[in-house]
Amino acid sequence: MDTGGMLSGRPPVLLLITGYVLSGLLRNTEAQNGDGCGYTFFGPESGTFTSKNYPNTYPNSTVCEWKIQMKPGERILLKFGDFDIEDVDSCHSSYLRIYDGFGASRTELGAKYCGLALKPEDMVESKSHEVTVLFMSGIHISGRGFLASYSTTNKTDLITCLEKASRFSEPEYRKYCPAGCLTPFGEISGTIPVGYRDSSLLCMAGIHAGVVSNALGGPLNVVISNGIAYYDTAQANNVTSKVGSLSSTLFTFKTSGCYGFLGMENGAIPDSQITASTVLEWTDNAGQVNIWKPERARLKKQGPAWAASYSDERQWLQIDLNKLTKVTGIITTGSTMSAYNYYVTSYRIEYSEDGLKWTVYRDPNVDRDKLFQANSDYFQEVRNNLIPPIVARFVKIRPTGWNQKIAMKVELLGCQFIPAPIPKLTAPPAFVPRAKHNPLPIDKTTSPPEIKNTTVTPDITKDVPLAAILVPALVMVCTSIVVLLVCAWHWRNRKKKTEGTYDLPYWDRAGWWKGMKQFLPAKSAEHEETPVRYSSCEVNRLRPREMTAMSAEYAQPLVGGAVGTLHQRSTFKPEEGKEGGYADLDSYNSPDTDIYHAYAEPLPTNGPEYATPIIMDMSAHPAGTMCLPSSSTFKGTASQAPVLVGAYNKLVSRTDSSSAQVLYDTPKVTPGTCAVEETVYQVPQPTASKDVPP
């Protein structure tokens, strides 16, 4: 049984951790120059730096210059947590100076600072994105020097690494911690989820709790509550809390809640998804075979842990989460068996989405792999948070330091991953194959037993393409039917107009057209073509004014020998080229050129609004009083009669060439008398030709 120590030829664990911390503290050494520089940590948006030997007395005759640079357009905010520079000669030999910019073009912000000139609540703001801080020490007796933090000016709630929770009295508050608060001085007492003693350094407690990163800094949301009698020790994120006693208050942090167990402890991750490079196996003196298999690497599981058969940096433990998962932390412990003092002291983490391409975890803006501080004994649990978290399906732990043998139990912290919303395709859903509709995992921050490894697409999504097709199709069909009906109706009205109907266009009935009726002939109140009876005397008794006021669908005949002046509502078309005249009418086939038909042609629907004028022969009719016999060819209604102008004239029309001459509207009665019988004026019927009806 190979149980020998494996630390031969390796640096002690303490030296390994110290080297890692110092390498992190001294990065960006090009930003400081001189022999009097102390603790310095510059992050991308914030940082921390101190004078040499802080918080002890700074040395004599030293100088240090720090150059801080942000992105162009940003400004820098400086805050001093502690300032104690001895003033022996009015800031002549020992002082601190702050400049805006670098080099010869820099300008000083304020004056020389010494003594107790800068207090914790004081802040210095730059005018550009570059700042130079110069510290000079002369011969002195006392003085701690200073500790300062910086950030961009938009972080107005900036605090330094020295702030304690007891300084703030609000029950809840928010503060911004700068990068680099994992300082070699200061301490905390407490742990999560119980809380921390109020005398603890606020930003260091945030690093221990895993809510801020030492490399990045970040905001803290603090909640104050009642204290407890005893605070236990715990190790997390390279910080070890101290045992504490009774305190009146404690504080905890508000978090996103993505710190649930992912299934190693409770068995949600099956044994088949836990693999390792090698497995430690041997037979003891009792003949019993001992196998420290990978599935034994479950946190809080009784019995031995997973152990590798070889102790070198090529060993690994791999966990398959079965799908992409957001991983925020890891908890490790040793063998948990006193007879086997095996545990891992440090490790690296690799992760992958497909198991083929692997990435080693690093802190942001750091060009080397992150080395996680692990256990210092075989039983204590140690937590390390991943800030920022990773998204992976496979997580691989590679031990880099160990005690005796590589052995460990593990639990992963995190929650289900919510991918970024996928933009909708412009193509219709019907053309997208159903097989390509990948379900979106639901992010839950519940405990690991509730995590389900399912990727089944809900059935409701299958009906979406069908509905997207049917709804537009039904709308198009209904729209087409309505358009066809409207077109058919318009075509029917146009056809009626082309057939020569005597009725006025349909738009004459619109309400807005009523104001224009004074320019058009009024329509008949009745549309039935019934005969109109008039007595010869009744015709004589009609006054011209009354008859003129009556509306008719046909133009009124002119009975005078000469064409009179057109009234406002006249529909006779003037002759072209003659002002106030009329065009010649078409004559019938008759040798008598002096006789014309005595009725007007109907108004065409699609032509000009003028009727063909009636020209009559008035020479053969003497003036006198007479009654009109026979039947008239003027169409009228029951309340209308043709208009008579001037004397009683003889109305004759031109006869057809094949028939004898016929007189129209000439009553054969004695002048001055009236016929007993009423004459019937027959409404003319439309015919195919222009022949006069018999």
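The figures follow:
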read-out: Hey, residue 374 crowded, with 18+ Cβ neighbours inside 10 Å, modelled with pLDDT of 95 or more and more than 19 Å from residue 305 (Cβ to Cβ) or not; value: no
read-out: Test: residue in the stretch 256-263 that is open to solvent by less than 10 Å² (accessible area, probe 1.4 Å) and either touching a helix residue (DSSP H, G or I) at 6+ places or on another chain (Cβ under 8 Å) or of a type outside the set (Ser, Thr, Tyr) (or both); value: yes
read-out: Out of 482, 486, 464, 475, sole residue that is modelled with pLDDT under 80, open to solvent by less than 100 Å² (accessible area, probe 1.4 Å), more than 30 Å from residue 305 (Cα to Cα) and outside any loop (DSSP other than H, G, I, E, B); value: 464
read-out: Some residue of the stretch 378-389 being of a type in the set (Val, Ile, Thr), crowded, with 22+ Cβ neighbours inside 10 Å and over 41 Å from the mean Cα position of the chain (by Cα); value: yes
read-out: Lone unmet requirement of (1) farther than 25 Å from residue 414 by Cβ; (2) buried (at least 22 other Cβ atoms within 10 Å of the Cβ); (3) of a type outside the set (Gly, Ala, Ser) for residue 310; value: (2)
read-out: Residues being closer than 13 Å to residue 320 by Cα and either touching a residue at least 40 places away in the same chain (Cβ under 8 Å) or crowded, with 20+ Cβ neighbours inside 10 Å (or both) - total across the stretch 273-296; value: 5
read-out: Among residues of the stretch 124-147, those that are in a strand (DSSP E or B), within 42 Å of the chain's Cα centre (by Cα) and surrounded by 14 or more Cβ atoms within 10 Å (Cβ to Cβ), counted; value: 3
read-out: Qualifying residue in the stretch 389-409 (condition: more than 30 Å from residue 192 (Cβ to Cβ) and at pLDDT below 50); value: no
read-out: Options 155, 175: the member that is modelled with pLDDT of 90 or more, in a loop (DSSP other than H, G, I, E, B) and among the basic types (Lys, Arg); value: 155
read-out: Boolean, residue 179 is in contact with a helix residue (DSSP H, G or I) (Cβ under 7 Å, 6 or more places away or on another chain) and buried (at least 18 other Cβ atoms within 10 Å of the Cβ); value: no
read-out: Which listed residue is buried (at least 21 other Cβ atoms within 10 Å of the Cβ) and over 38 Å from the mean Cα position of the chain (by Cα), from 213, 200; value: 200
read-out: Considering residues of the stretch 65-103 that are on the phi > 0 side of the Ramachandran plot and assigned to a loop (DSSP other than H, G, I, E, B) only, the residue most open to solvent (accessible area, probe 1.4 Å); value: 90
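The values are calculated or read from the model by the stated rules, or taken from the named source; none is laboratory data. As the structure is a prediction and not an experimental result, all values here were calculated from the model. Every residue, glycine among them, receives a Cβ derived from its backbone with ideal geometry; neighbour counts consider all protein chains shown. When the accessible area is computed, the model is the full protein with side chains, heavy atoms only, and any ligands, DNA or RNA have been set aside. Shrake-Rupley method; radii C 1.70, N 1.55, O 1.52, S 1.80 Å.
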